[in-house]
Structures are given as structure tokens and as C-alpha cells.
């Protein structure tokens, strides 16, 4: 397969990537995927830096990950990614994380939108950019991004504050921080559990200093629904659904 179709990077789980038990954190996994996706985009001339003079940027709309086995400290990971299609104004991107020996560790699918960095609004993907998007119609994981159930009532609220280090180059909270926050809202109350799947639906932006309230509903069977709101006005910035391994 041509390199332009598929991007690949190797990572090692470093000390700062690992949690208390020695396994890679959810934030680390999302950073590995984000870094691999950026490298692949740069090789095609479709990265953030290539669009800077056009006031355009890619942002994630949905993100689903299925974790089969968390890599541990000092273990190596091969992260592969490719664009699998264009659905309206969304570009679909696949990820596969495995060991150097070929053991599948995690698989993910995401959809991205192009936004105007001045208006902060989504825009249609120009034809000249579409022509640069190398597409491989193959799925890492079969997932159709169904609607996430709305929370009519919640069991508890997890609150936190957006830090400066949570911000990314697009001047809003990084997708890895969103993922980690959704997980924190569960593991802050339950121990000896590991994330199995996480579905993120990005609804808005969060900025440094924003107070975030994560409303959590325990659906049973180790499944949780999340709704994260920001600021005094309580604007919804993320809805999510997570499933866990272990006793809850």
C-alpha cells in the first residue's frame, strides 16, 4: 500500500504516559492517534499548518475507541491511520494500535469537520482539498456513530476546570483532554476498572478557565452516559458513552 494512503508511527509508553498501575493512560492513547493522524496529514499536504493561510482547521466531531488491551510502560506501540471516506462535510479517519508483534491493542474511528478559524463555524470542504484526501475504503472497526442517548436525569456531577495545558493549537480544549475527562468522571468514583469502549460526540468548545460540569448516569452493565457542560451558561460541549471492564 502506498505510504500516502496509510500513515504509521511507532511509540513507546514512557513514564509520563503511564498511570498508577503502569498501563498507558487514555490521554496517552488519544495523543498517539492524534500525532499519527497529524503526521499522515502533513505527508499529504492537508495538515493544520498547510491550511493556516486559509484560516481553516480540522476538528473532531465524533470519536469511538475500542480498547482490547492497554499497553504498559516501556512497551512499544505501532499506530496506523488512514482516511476511509467522505460523508457530506465530514472526513472519516480510522486508527489501529498494535504491538510490534502484531497483537491488536485498540481500534478507533473518527469523523472530522473543517472549520473557519475566525468564525469558528464548520465550512464545506473545498474541492481542491478533497482531491488531496487519499482515501482507503477500509474500516478499522465497524461503527456507524449512532446517536448517544440523552440524559434525562443523572446520578452525580463531576466538576473540574480547564487548564492552560488542556488547550491545543486550535485554541480550544484538546480532544485527548475531553476523553480523559469523561474517564475521570467514572474512575473518580470506582476503582479496579479499565475502559473498554468510549464514544465521544463533540458539541462545542471549552477554553482556559472554563468550569466544567460532567453529568453522569450509570446505565448498568458497566455502561455510563456523560454530558459535559461549560461556563455559567451551561453550554453543552460534549456527550459521551463509556463501557468498562471490572466490578462497578
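The values are calculated or read from the model by the stated rules, or taken from the named source; none is laboratory data. All of these numbers come straight from a predicted model, not from anything done at the bench. Methodologically, a virtual Cβ is constructed for each residue, glycine included, from the backbone with ideal geometry; neighbour enumeration extends over all protein chains shown.
Within the range 94-125, can you find the residues that are touching a residue at least 40 places away in the same chain (Cβ under 8 Å) and more than 21 Å from residue 204 (Cβ to Cβ)?
94, 95, 96, 97, 100, 106, 107, 108, 109
Surrounded by fewer than 18 Cβ atoms within 10 Å (Cβ to Cβ), in a helix (DSSP H, G or I) and either assigned by TED's automatic domain parsing to the domain that holds residue 240 or in contact with a strand residue (DSSP E or B) (Cβ under 8 Å, 6 or more places away or on another chain) (or both): does that describe residue 49?
Judged against the criteria, residue 49 is not a match.
I'm told residue 164 meets every condition in (1) out of contact with any helix residue (DSSP H, G or I) (no Cβ under 8 Å at 6 or more places or on another chain); (2) buried (at least 16 other Cβ atoms within 10 Å of the Cβ); (3) over 23 Å from residue 247 (Cβ atoms) except one. Can you identify the failing condition by its number?
The one condition residue 164 does not meet is (2).
State which residue is surrounded by the fewest Cβ atoms within 10 Å (Cβ to Cβ) when the search covers only the range 217-246 and only residues that are more than 19 Å from the chain's Cα centre (by Cα) and assigned to a strand (DSSP E or B).
220
Based on what the data block shows, is residue 30 in contact with a strand residue (DSSP E or B) (Cβ under 6 Å, 6 or more places away or on another chain) and either under 16 Å from residue 75 (Cβ atoms) or outside any strand (DSSP E or B) (or both)?
So residue 30 fails the test.
Does residue 4 meet the test of being in contact with a strand residue (DSSP E or B) (Cβ under 8 Å, 6 or more places away or on another chain) and either over 28 Å from residue 225 (Cα atoms) or in a strand (DSSP E or B) (or both)?
No; evaluated as a whole, the condition is false for this residue.
What residue, among those in the range 185-200 that are modelled with pLDDT of 95 or more and part of a helix (DSSP H, G or I), is surrounded by the most Cβ atoms within 10 Å (Cβ to Cβ)?
185
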